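Comments concern the structure below.
The values are calculated or read from the model by the stated rules, or taken from the named source; none is laboratory data. Just so we're clear, the structure is a prediction, and the values are computed from it rather than from any experiment. Methodologically, a virtual Cβ is constructed for each residue, glycine included, from the backbone with ideal geometry; neighbour enumeration extends over all protein chains shown.
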Amino acid sequence: MDHRKPLLPTSSDAAPNPHTRKDLLLVICGLLLLSSLVAFGGYRASNAPHADVASATSNDEQRSPTSVPSPKWYPVSRGVSSGVSEKSSSMLFAVKDGASKAFPWDNSMLSWQRTAFHFQPEKNWMNDPNGPMYYKGWYHFFYQYNPNGAVWGDIVWGHAVSRDMIHWLHLPLAMVADQWYDMQGVWTGSATILPNGEIIMLYTGSTNESVQVQNLAYPANPSDPLLVDWIKYPGNPVLVPPPGIGAKDFRDPTTAWLTSEGKWRITIGSKLNKTGIALVYDTEDFKNYELKEGLLRAVAGTGMWECVDFFPVSKENENGLDTSINGAEVKHVMKVSLDDDRHDYYSIGTYDEKNVLFTPDDAKNDVGVGLRYDYGIFYASKTFYDQNKERRVLWGWIGESDSEYADVAKGWASVQSIPRTVELDRKTGSNLLQWPVAEIESLRLRSDEFKNLKAKPGSVVSVDIETATQLDIVAEFEIDKETLDKIPQSNEEYTCSTSGGSKQRGALGPFGLLVLADEGLSEYTPQYFYVIKGSNGNLKTSFCADQSRSSQANDVRKQIVGSAVPVLKGEKFSLRILVDHSIVESFAQGGRTVVTSRVYPTKAIYGAARLFLFNNATEATVTASLKVWQMNSAFIRPFHPDQKS
């Protein structure tokens, strides 16, 4: 006998009320109409500039996967017409016909992408780091933020504080677009702490007529260690584009430094035709400014310079220096973010205060054409001097490289890098060293250590650890000496982006680690060294990250990136990798070369993520030693008054 209860009454049941049938028909029709509207709304949301989408994160990682609608998505440019660099990742990898069918992401996949120990707001869009500083026991971090959706637009200043730059408390918005001089956006700026403890915040505003101007703000209550409330100077703007500079080519003031005359000096990025330039201003009160003759630096062909940074590094020790330090014992670093290619370039050189001029040590590594902070996805970076621990700390914006449609579906876009210490590499004298701040090690949990793992040519070796989604990996590699001695010298040139990635085999490489890999290796992201024995017998080494097989999704940008890395005589090949869900930050040779990747696997997620050692060389056997820590999650949550102490 069938005991299932009918969904609707049968003839043997009580006769239904005629009105009930009509009501039921109305309900069904209403539901059909609602579902159609929802489907249409999901399609439209992929291009909605101010979509108010709730975060897709969840504490329950085991919830049933629900597919996200996947219509065709159309790339939309964001930011360029307003006078800033392109902010839509979709524009960077759009297909030629202008549309592509989005991958059918489900909620489980999208939830996994949210990081565990990188800073990001609870939801919505974030980009440039702004005004980082240490004040009265708290690290302050401000950032470009859209409170209304997961795409660029409606930019204001978000604000968070931390005791250690790892665990963060979200505070109310610091500054919003509420004046004529920043009506189109409260854009990037920098903090300067004066000798008397006073805080000066200079930032770019986009006016009601989309002119870029510089504005002054300061804390409403300097005795408040959290600096919750800010006042905009009534006389803003304090600077407008000078003659000959475009209305949309004047932005991102630096932290100020003190001159020998007792004046404060700043630089602001701009361009003249296709020549990137850095304008220089002096001020005594941050309200009135003198434009200096000449330019701090100008480099033809580099285009608009955004987010200029300028600071000293010690030639004698690893300590960071206050921005105003100058003299024979220091070098200066000038960094620019290139609007044209969205990468951050730096140059090391000498600063002539009197002639207001920066001169690079190596013309091949001039500003905007040579060395980069990071050869992956890393932009609009900013440093600050941490007087608490006498170090210079670098922040950088890690954008997305998936489709904007997926970002709107998950309800957030972009994270910040793990803050890094920056110092001069005193062994080479020609590059910087970047390294995760020591505080990140407080998140280390249990570790597994593997010594002298042998990887023969063409082999993949499983690294037996619990799970591989949140990791801190320290590794060293050695090539067997016998092979090095017998391998003939070569004139081969190798470039990560054009040399075929980890599948391209050479006598001495590639070798390294496969992170975020699944068991069957249908998805994996190699972080690897490629070594060539040059014509003089010396080894030439590149460090690369290959995203070409990182995901089976079609709406993800999959690049092969990296650069040459100096490996000095007697050094092993060394590597540190931070894996945090969809972020992989890799530091080769103590941070001489750094690569950050955004990775969006569809299979190598949660408990299915694995770690492998690989050696795809044709001749060399590689010996590797690894220590792998599981990483805890950081506490990043809204502030409550009882947490102030």
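For the reader, a short list of remarks on this structure follows.
- Qualifying residue in segment 418-430 (condition: in a loop (DSSP other than H, G, I, E, B), among the aliphatic types (A, V, I, L, M) and buried (at least 19 other Cβ atoms within 10 Å of the Cβ)): yes
- Each residue in segment 585-608 was checked for being touching a Phe, Trp or Tyr at 6+ places or on another chain (Cβ under 9 Å) and either assigned to a loop (DSSP other than H, G, I, E, B) or of a type in the set (Lys, Arg) (or both), and 6 of them qualify.
- Per this entry, Arg446 is counted among residues that are surrounded by fewer than 19 Cβ atoms within 10 Å (Cβ to Cβ), of a type outside the set (A, V, I, L, M, F, W, C) and not in a loop (DSSP other than H, G, I, E, B).
- Subset of segment 187-207 that is touching a residue at least 40 places away in the same chain (Cβ under 8 Å) and among the β-branched types (Val, Ile, Thr) - its residue that is farthest from Tyr145 (Cα to Cα): Ile193
- Residue match in segment 103-111 (condition: hydrophobic (A, V, I, L, M, F, W, C), farther than 30 Å from Pro222 by Cα, touching a residue at least 40 places away in the same chain (Cβ under 8 Å) and part of a loop (DSSP other than H, G, I, E, B)): yes
- Remark: pairs (first residue in segment 208-234, without any contact (Cβ under 8 Å) to a residue 12 or more places away in the chain; second residue among the aromatic types (Phe, Trp, Tyr) and surrounded by 15 or more Cβ atoms within 10 Å (Cβ to Cβ); Cβ separation under 7 Å; 6+ apart in sequence or on different chains) = Ala220/Trp230.
- Considering residues of segment 518-548 that are of a type in the set (A, V, I, L, M, F, W, C) and over 21 Å from the mean Cα position of the chain (by Cα) only, the residue farthest from Asn491 (Cα to Cα): Leu521
- The set of residues in segment 524-538 being in a strand (DSSP E or B) and either out of contact with any strand residue (DSSP E or B) (no Cβ under 9 Å at 6 or more places or on another chain) or of a type in the set (Ser, Thr, Tyr) (or both) consists of Thr525, Tyr528, Tyr530.
- Taking the numbered list (1) assigned to a strand (DSSP E or B); (2) buried (at least 23 other Cβ atoms within 10 Å of the Cβ) in turn, Thr541 passes all entries but (2).
- Here Phe573, Phe511, Phe529, Phe543 are screened, and the one residue that is under 24 Å from Trp397 (Cβ atoms) and among the aromatic types (Phe, Trp, Tyr) is Phe543.
- Top-ranked residue in segment 609-629 [being in a strand (DSSP E or B) and small (Gly, Ala, Ser); ranked as farthest from Tyr528 (Cα to Cα)]: Ser625
- Candidates in segment 361-411 are the residues that are assigned to a loop (DSSP other than H, G, I, E, B) and in contact with a helix residue (DSSP H, G or I) (Cβ under 8 Å, 6 or more places away or on another chain); of these, the one that is surrounded by the fewest Cβ atoms within 10 Å (Cβ to Cβ) is Gly370.
- Exactly one residue among Gly376, Gly327, Gly370 is in the same structural domain as Ser430 (by the TED database), within 26 Å of the chain's Cα centre (by Cα), over 21 Å from Ser190 (Cβ atoms) and without any contact (Cβ under 8 Å) to a residue 60 or more places away in the chain, and that residue is Gly370.
- Within segment 251-280, if we keep just the residues that are hydroxyl-bearing (Ser, Thr, Tyr) and surrounded by fewer than 24 Cβ atoms within 10 Å (Cβ to Cβ), the residue that is farthest from Asp182 (Cα to Cα) turns out to be Ser260.
- When segment 364-386 is filtered for residues that are modelled with pLDDT of 95 or more and among the small types (Gly, Ala, Ser), the ones remaining, listed by number, are Gly368, Gly376, Ala380, Ser381.
- Scope segment 603-628; condition surrounded by fewer than 20 Cβ atoms within 10 Å (Cβ to Cβ) and under 16 Å from His581 (Cβ atoms); matching residues: Lys603, Tyr606, Gly607, Ala608
- Residue in segment 173-195 that is modelled with pLDDT of 95 or more, in a loop (DSSP other than H, G, I, E, B) and under 28 Å from Asp322 (Cα atoms) present: yes
- Residues of segment 579-625 satisfying the condition of being at positive phi and either among the hydroxyl-bearing types (Ser, Thr, Tyr) or not assigned by the TED database to the domain that holds Tyr530 (or both): Tyr606
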